[in-house]
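**Student:** Structure below; questions to follow.
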Amino acid sequence: MLEVSHLNFAFGKQGLLSDLSFTLAAGSITGLVAPNGTGKTTLLRCLCGLLPSGPGVLHLNGIDLYRKRTAYLAQLFFLENSTQLYADLTVADHLKYVRKMWHSSVSIQDTVGELEVAGYYRKRIRDLSLGMKQHALLAMYLVADPQLLLIDEPLNGLDPTSIQQFERIFTQLKAAGKTLLVSSHQMDSVGRVSDDVFFLKDQHILAEPNTGQDMMAEYSRIFLGQEAAHG
Ligand SMILES: Nc1ncnc2c1ncn2[C@@H]1O[C@H](COP(=O)(O)OP(=O)(O)OP(=O)(O)O)[C@@H](O)[C@H]1O
Ligand SMILES: [Mg+2]
């Protein structure tokens, strides 16, 4: 379980996260939603220590990032987007590296089969399409097999079939007891997979349980100040 206590973050004078406290349970999917430039990626970077927080702010299964950084990080996976993959290495290279570094026993072969990556498993990243790179990136999350998966806009560039495939995989990870925090601009997808939705606004999180409400209407209400039309 991830526990966040009084997280603050600013880039210089630009405050982005103000006194955030929340927990993410094992076996749950939380959607992270906000307009461009609000601080979603910044929050994910803070949760994995790429941006500084402070002592006692972040605990993952009881381990404080500030005091036991390596042990904390060993329990999570975060790679911001597919531009951070190594262009000259293959998908296979990436998956073997991750499996080793995260001390994982997940089968690369099974993951490649499930994600239908086999056709380009031996290709270099520079020769892949955007959607293929998104699949390679998700394959890295699966092969790392961490407790906490921080995933930034995984659906970008995916075709409708792949979106369904990714949603099915998120749901399987949740059933396996993993903790997922997934940012997205695709409100219909957020509505389908999330247990809870974090709307990031004015440096604070408005947390809403997903009770099947129209997430796009929620988005409009929260960020555009529009009440749902009646009639
Ligand atoms: N390294 C940086 N230095 C200074 N400001 C930054 C830096 N990275 C991001 N910012 C600023 O922080 C704000 C939040 O950026 P962030 O990338 O977290 O937004 P986001 O919600 O992920 O947006 P998007 O939906 O476009 O991905 C933006 O105003 C951005 O300009
Ligand atoms: Mg972002």
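**Student:** Where the second residue is open to solvent by 50 Å² or more (accessible area, probe 1.4 Å) and aliphatic (A, V, I, L, M) and the first is over 22 Å from Gln147 (Cβ atoms) and lies in segment 71-85, which pairs have Cβ atoms under 8 Å and are six or more apart or on separate chains?
**Tutor:** Ser82/Leu130
**Student:** What are the residue pairs meeting all of these: first residue in segment 160-188, first residue within 16 Å of ligand 2 (Cβ to nearest atom), second residue among the small types (Gly, Ala, Ser) and open to solvent by less than 10 Å² (accessible area, probe 1.4 Å), Cβ atoms under 7 Å, and 6 or more apart or on different chains?
**Tutor:** Val182/Gly31; Ser184/Gly31
**Student:** Separate question: How many of the residues in segment 120-163 are assigned to a loop (DSSP other than H, G, I, E, B) and open to solvent by 30 Å² or more (accessible area, probe 1.4 Å)?
**Tutor:** Summing the residues that are assigned to a loop (DSSP other than H, G, I, E, B) and open to solvent by 30 Å² or more (accessible area, probe 1.4 Å) in segment 120-163 gives 10.
**Student:** Further question on the same structure: Tell me which residues, restricted to segment 12-67, are open to solvent by 50 Å² or more (accessible area, probe 1.4 Å), part of a strand (DSSP E or B) and within 16 Å of ligand 1 (Cβ to nearest atom).
**Tutor:** Gln14, the sole residue that qualifies.
**Student:** Going by what's in this entry, would Met215 be described as open to solvent by less than 40 Å² (accessible area, probe 1.4 Å), modelled with pLDDT of 95 or more, hydrophobic (A, V, I, L, M, F, W, C) and in contact with a Gly (Cβ under 8 Å, 6 or more places away or on another chain)?
**Tutor:** It is true that Met215 is open to solvent by less than 40 Å² (accessible area, probe 1.4 Å), modelled with pLDDT of 95 or more, hydrophobic (A, V, I, L, M, F, W, C) and in contact with a Gly (Cβ under 8 Å, 6 or more places away or on another chain).
**Student:** Turning to a different aspect of this structure: Name the pairs: first residue in segment 28-47 and touching a residue at least 24 places away in the same chain (Cβ under 8 Å) and hydroxyl-bearing (Ser, Thr, Tyr), second residue open to solvent by less than 10 Å² (accessible area, probe 1.4 Å) and near ligand 1 (Cβ under 8 Å from one of its atoms), Cβ to Cβ under 8 Å, at least 6 apart or on different chains?
**Tutor:** Thr38/Leu200; Thr41/Ser183
**Student:** If I go through segment 218-227 residue by residue, how many of them are surrounded by fewer than 11 Cβ atoms within 10 Å (Cβ to Cβ) and of a type in the set (D, E, K, R)?
**Tutor:** 1
**Student:** Inspect all residues belonging to segment 1-8 and state whether any of them is modelled with pLDDT under 95 and either away from ligand 1 (no atom under 16 Å from the Cβ) or hydroxyl-bearing (Ser, Thr, Tyr) (or both).
**Tutor:** The answer is yes, given that some residue of segment 1-8 is modelled with pLDDT under 95 and either away from ligand 1 (no atom under 16 Å from the Cβ) or hydroxyl-bearing (Ser, Thr, Tyr) (or both).
**Student:** Yes or no: Leu79 buried (at least 16 other Cβ atoms within 10 Å of the Cβ) and either aromatic (Phe, Trp, Tyr) or within 16 Å of ligand 2 (Cβ to nearest atom) (or both)?
**Tutor:** The answer is yes for Leu79.
The values are calculated or read from the model by the stated rules, or taken from the named source; none is laboratory data. It should be emphasised that the depicted structure is a prediction, and the values quoted were computed from it without experimental measurement. Counting neighbours? That spans all protein chains shown, and the Cβs are built from the backbone with ideal geometry, glycine included. Each accessible area value is taken on the protein alone, full model and side chains, heavy atoms only, with ligands, DNA and RNA left out. Shrake-Rupley method; radii C 1.70, N 1.55, O 1.52, S 1.80 Å.
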